[in-house]
Amino acid sequence: MGLVHEIDFGTPVSKSEKQVTLTVDGFTVTVPEGTSVMRASMEAGIEVPKLCATDMVDAFGSCRLCLVEIEGRAGTPASCTTPVTPGMVVHTQTSRLKDIRKGVMELYISDHPLDCLTCAANGDCELQDMAGAVGLRDVRYGYDGDNHVFAKRNGGENFNWMAKDESNPYFTYDPAKCIVCSRCVRACEEVQGTFALTIEGRGFGSRVSAGMQEAFIDSECVSCGACVQACPTATLQEKSVIQIGQPEHSVVTTCAYCGVGCSFKAEMRGEELVRMVPWKDGKANRGHSCVKGRFAYGYATHRERILNPMIREKITDPWREVSWEEAISHTVKEFRRIQYQYGRGAIGGITSSRCTNEETYLVQKIIRQGFRNNNVDTCARVCHSPTGYGLGQTYGTSAGTQDFDSVEHTDVALIIGANPAAAHPVFASRLKKRLRAGAKLIVIDPRRTEMVKSPHIEAAHHLALKPGTNVAVVTAMAHVIVTEGLFNEAFIRERCDWSEFQDYIEFVADPRHAPEEVEKISGVPAETIRGAARLYATGGNAAIYYGLGVTEHSQGSTTVIGIANLAMMTGNIGRRGVGVNPLRGQNNVQGSCDMGSFPHELPGYRHISGDAVRDIYDSLWGVKLDEEPGLRIPNMLDAAVDGTFKGIYIQGEDILQSDPDTSHVSAGLAAMECVVVQDLFLNETANYAHVFLPGSTFLEKDGTFTNAERRINRVRKVMTPKNGYADWEVTQMLAQEMGLNWNYQHPSEIMDEIAKTTPSFAFVSYDRLEKLGSVQWPCNEKAPEGTPIMHIGGFVRGKGKFIRTEYVATDEKTGPRFPLLLTTGRILSQYNVGAQTRRTENVAWHPEDLLEIHPHDAENRGLRDGDWVRLQSRAGQTTLRAQITDRVSPGVVYTTFHHPDTQANVITTDFSDWATNCPEYKVTAVQVAPSNGPTDWQKDYNDQARQSRRITGRMEAAE
Amino acid sequence: MSHDDENRMSTKQKLVYMANQIATFFDSKPHDERVEGIAEHINKFWDPRMRRQFLEMLAAGGAGMKPTVIEAGAKIRPPKQDAA
Ligand code: SF4
Ligand code: SF4
Ligand code: SF4
Ligand code: FES
């Protein structure tokens, strides 16, 4: 197998169309204009020695090791900083160059510890490699002079020496080994965009420093690891490599955290994962990653993972470990009993946005074919279902229009209700890079997020609207565009229905949508709305990126429609640099929607009532599918409370923690007779489960994830499932026990069935993915290599459809009892409900959920920073600590929902999007008051949780 | 559990609430499209037991329902007997 080797070309690729031909050591090579001599040499297969250059960052030209001679030019220019010219004749190895290089290396080595044999980078150190490459055989200078290597010098302190910084949980910084090549500094600036590192001092005294000579953990560093990857020595080194040693083989796979879908090389030693390294050829991430994907995989081997199936009669009983056979047959017996007793529609299931496409497909299949109903839903319900509805109605597909590369051509980025720096970090880095190159930014968000202002980034406009007024603000922008004549008539006439646009004009031009009116509801100054609208309409290629702050509202679907309208009326659809892009939360939200996880839709978004579509499955599966739409998650819970829904199969999803109105969810779960949870851990939902089927991690299975760009990426197995089976195999065992004729030997066969039955996936196969690396659907006869950008030349639905977007205030209103508006979000180091990230060292950055409150509101309530506060809504109350900040406006409070102890969803209510029932997480009227500590509810909840996690024969509960 | 039960809707109240929400969206459309839109939306997305409960409430006078919702009621597909 071996390691997947990637060539380091030394400097980034040039995108120029113009080609230049030159000669390197007698070989002729043709490269794009702007390419460095170093890169051109590498293209010709000749590796020029180098230390300070690497192709993830721009050349800096400081180490002087990469010198070459060029005919007709005096001196020895650095090949990394010298661009090619036509007809250039380059020599990379002459006696003069050899001498210079040896001299350079000698200097480096004379200030470097010679503990290579015990160094963690041994075998993966460019300094070693270069010493070998230049033929360094002895070092004339001793180690007694000025150096950074030893703590003591001549019996006294060596003030040049600095101790190791081990504060970051994932990597160490050992200044004694630093060659001050500044690759780390450039990686942090250019790739990650955080600017956490600097080179302090000058000459011999210069050092890499995190922030103002802080420890890494206390600095601005977000632990993305780009600097560690860039470092040619062991100075910045993964702790896992220090512990385990160098990997011996690697496998390309896909991150299982967020919707960016970064590609990684999982570097292994046997079945032990040594480290994750972002893959340069990954088309979503282009060799970058965030802290979660690169480092936070420890949950996979966490001691709390449940590895044996368990059952219990009542949820108050302790768990009993059983064999797989017993667990499977018990589950099927129970489901059949319930259906016999209460009717065919009394059971259902939930697919997971964390599992693979193949696994999701099988869960909806077992429900439709085995349960014989359509009671299937997915956690995408609670995040992006309005995207499916809104974009489906207006454009004809339920997905984002662009690939991530498109951002490199964007002139104006409009971010609505999303904080990519926290939730989609690698996309944020790519966007920031574009912004630093001059693109403009507009942010619509109640909170002043990192995107609004961070090093070298500042939004041109920040529309800090009152939570719940998205539709009003987006419609006001449309008003400005229409009334000021900034719309793109030619585009609209060609691609959209002109009469529908006329209707929309009539609606939107009404003075009630004018910024001056909307200012009164939204709190955003009219001039800011006008400025944003003008910039969006006239600033060049304009792209919209939006997140859960758009969808998780009573009018979530309406806002998505409003966004789609904006892009259509300005002609910002159907080419590079523009588009409408939902930033999907979890890794496979897109895929789980695509795979028919919704109760009214078969795979590929085809409504269940269509006879022709059902026929495809009827004949393949040998059953008659139910033609009626099934229950959505909130409807399932309602039906459970009403007594008509009694059993549920939940794969990889923690609805008790992730869904709104926790007490209603728990009431629904408690009313069921057979709750089956398939997961890695005893999650919160499992407190109410009767059967627990252990799940497997993404490292333990083959499959595919589909990211926010519709990109189907391979997930590859690198270790044996600790629980015995991949999740798809567990579903298959259930199906077989139900008497269904399933016999998949490998997930590729499931994908073949998906391709056979779903037109937009017709050409997708593991073979093709192997060949192309990844592919964006639609991938079929018309687009055999996939579709990076949609709606080129026309909309999927035919004519783009303008739909009126009337603002309706949510019924969730503030009043004397609940005067503040709560909105919720995420932070970088934690992921969703945190079941995985809380079981990694990422807790170093986010030990608890905090309530952000404006100083003014805090003062009114006599609160100080760090005080315990009670947060109360009409649905319930919880306590947490306050953080006083003006990131939020007066009247608005904000928290995350990563920790079960806080249970922010105890507070959220049962209001939801009108079209899709996507819950209204982003607006809840609340009151905040000082408190002494956890509420009774929290204590009761914790008691119940502890009780319900007991396992017979085990001393301790599992958490 | 410390939550206000009086502030929580029953399933039936929720159905009325949801239908009215749907109607509100279609309010900005011409009358016929409005009624059509509401009915189509409910037919497409509501499972049979939700529609049955809804139609029962409608038959009982449709208390709390917006006029357009009541009008749309005639176009809402009654669930077949055998469905759950
Ligand atoms: S880990 Fe990332 S953010 Fe931190 S210093 Fe390195 S590159 Fe910068
Ligand atoms: S820490 Fe590594 S990458 Fe940074 S300057 Fe030192 S040797 Fe170079
Ligand atoms: S969490 Fe998202 S951004 Fe981070 S590595 Fe994984 S896919 Fe990439
Ligand atoms: S690699 Fe060119 S100067 Fe260092």
Original post:
Is at least one residue of region A:169-186 within 16 Å of ligand 3 (Cβ to nearest atom) and either in contact (Cβ under 8 Å) with a residue 40 or more places away in the chain or of a type in the set (A, V, I, L, M, F, W, C) (or both)?
Top reply: yes
Subject >> Inter-residue pairs, beta-carbon under 7 Å, first open to solvent by 60 Å² or more (accessible area, probe 1.4 Å) and in region A:619-630, second of a type outside the set (A, V, I, L, M, F, W, C) and in a loop (DSSP other than H, G, I, E, B), 6+ apart >> reply: A:Glu627/A:Ser609
**OP:** Please work out which residue is nearest to A:Ala915 (Cα to Cα), limiting yourself to region A:781-814 and to residues that are in contact with a helix residue (DSSP H, G or I) (Cβ under 9 Å, 6 or more places away or on another chain) and not in a loop (DSSP other than H, G, I, E, B).
**Re:** A:Gly800
Subject >> Failed item, numbered, when A:Met130 is tested on (1) out of contact with any Ser or Thr (no Cβ under 7 Å at 6 or more places or on another chain); (2) hydrophobic (A, V, I, L, M, F, W, C); (3) open to solvent by 20 Å² or more (accessible area, probe 1.4 Å) >> reply: (3)
Original post:
Taking region A:192-214, which residues are within 29 Å of the chain's Cα centre (by Cα) and more than 15 Å from ligand 2 (Cβ to nearest atom)?
Top reply: A:Gly193, A:Glu214
Subject >> Pairs with Cβ under 9 Å, 6+ apart, first in region A:333-349 and open to solvent by 90 Å² or more (accessible area, probe 1.4 Å), second part of a helix (DSSP H, G or I) and acidic (Asp, Glu) >> reply: A:Lys333/A:Glu737
**OP:** For region A:309-332, name all the residues that are buried (at least 17 other Cβ atoms within 10 Å of the Cβ) and in a loop (DSSP other than H, G, I, E, B).
**Re:** A:Pro309, A:Arg312, A:Ile315, A:Val322
Original post:
Would a scan of region A:143-158 turn up a residue that is surrounded by fewer than 19 Cβ atoms within 10 Å (Cβ to Cβ), modelled with pLDDT of 90 or more and either within 14 Å of ligand 2 (Cβ to nearest atom) or assigned to a loop (DSSP other than H, G, I, E, B) (or both)?
Top reply: no
**OP:** Residue by residue through region A:226-260, note down the ones that are within 16 Å of ligand 2 (Cβ to nearest atom) and either among the hydroxyl-bearing types (Ser, Thr, Tyr) or free of Cβ contacts under 8 Å to residues at least 60 places away in the same chain (or both).
**Re:** A:Cys227, A:Val228, A:Cys231, A:Thr233, A:Thr235
Subject >> Residue match in region A:674-681 (condition: within 28 Å of A:Val274 (Cβ to Cβ), surrounded by fewer than 23 Cβ atoms within 10 Å (Cβ to Cβ) and in contact (Cβ under 8 Å) with a residue 12 or more places away in the chain) >> reply: no
Original post:
Considering region A:598-623 alone, what residues qualify as being within 14 Å of chain B (Cβ to nearest Cβ) and among the aromatic types (Phe, Trp, Tyr)?
Top reply: A:Phe598, A:Tyr605
**OP:** Could you pull out the residue among B:Met50, B:Met65 that is assigned to a loop (DSSP other than H, G, I, E, B), of a type outside the set (S, T, N, Q) and surrounded by 15 or more Cβ atoms within 10 Å (Cβ to Cβ)?
**Re:** B:Met65
Original post:
How many of the residues making up region A:431-466 are in a loop (DSSP other than H, G, I, E, B), open to solvent by 10 Å² or more (accessible area, probe 1.4 Å) and either in contact (Cβ under 8 Å) with a residue 60 or more places away in the chain or not assigned by TED's automatic domain parsing to the domain that holds A:Pro420 (or both)?
Top reply: 8
Original post:
Looking only at helices (runs of 4 or more DSSP H) that fall completely inside region A:476-588, which ones have 2 or more residues that are surrounded by fewer than 23 Cβ atoms within 10 Å (Cβ to Cβ) and within 14 Å of chain B (Cβ to nearest Cβ)?
Top reply: A:498-508
Original post:
Somewhere in region A:508-515, is a residue closer than 30 Å to A:His424 by Cβ and assigned by TED's automatic domain parsing to the domain that holds A:Val443?
Top reply: yes
**OP:** Taking the residues in region A:240-276 that are within 21 Å of A:Thr356 (Cα to Cα), touching a helix residue (DSSP H, G or I) at 6+ places or on another chain (Cβ under 9 Å) and of a type in the set (Val, Ile, Thr) as candidates, determine which candidate is surrounded by the fewest Cβ atoms within 10 Å (Cβ to Cβ).
**Re:** A:Thr253
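The values are calculated or read from the model by the stated rules, or taken from the named source; none is laboratory data. Given the structure is predicted, the values throughout are model-derived calculations rather than measurements. Quick reminder, even Gly has a Cβ in these numbers, built from the backbone with ideal geometry, and neighbours come from all protein chains shown. The protein model used for the area step is the full one, side chains on, heavy atoms only, and it has no ligands, DNA or RNA in it. Shrake-Rupley method; radii C 1.70, N 1.55, O 1.52, S 1.80 Å.
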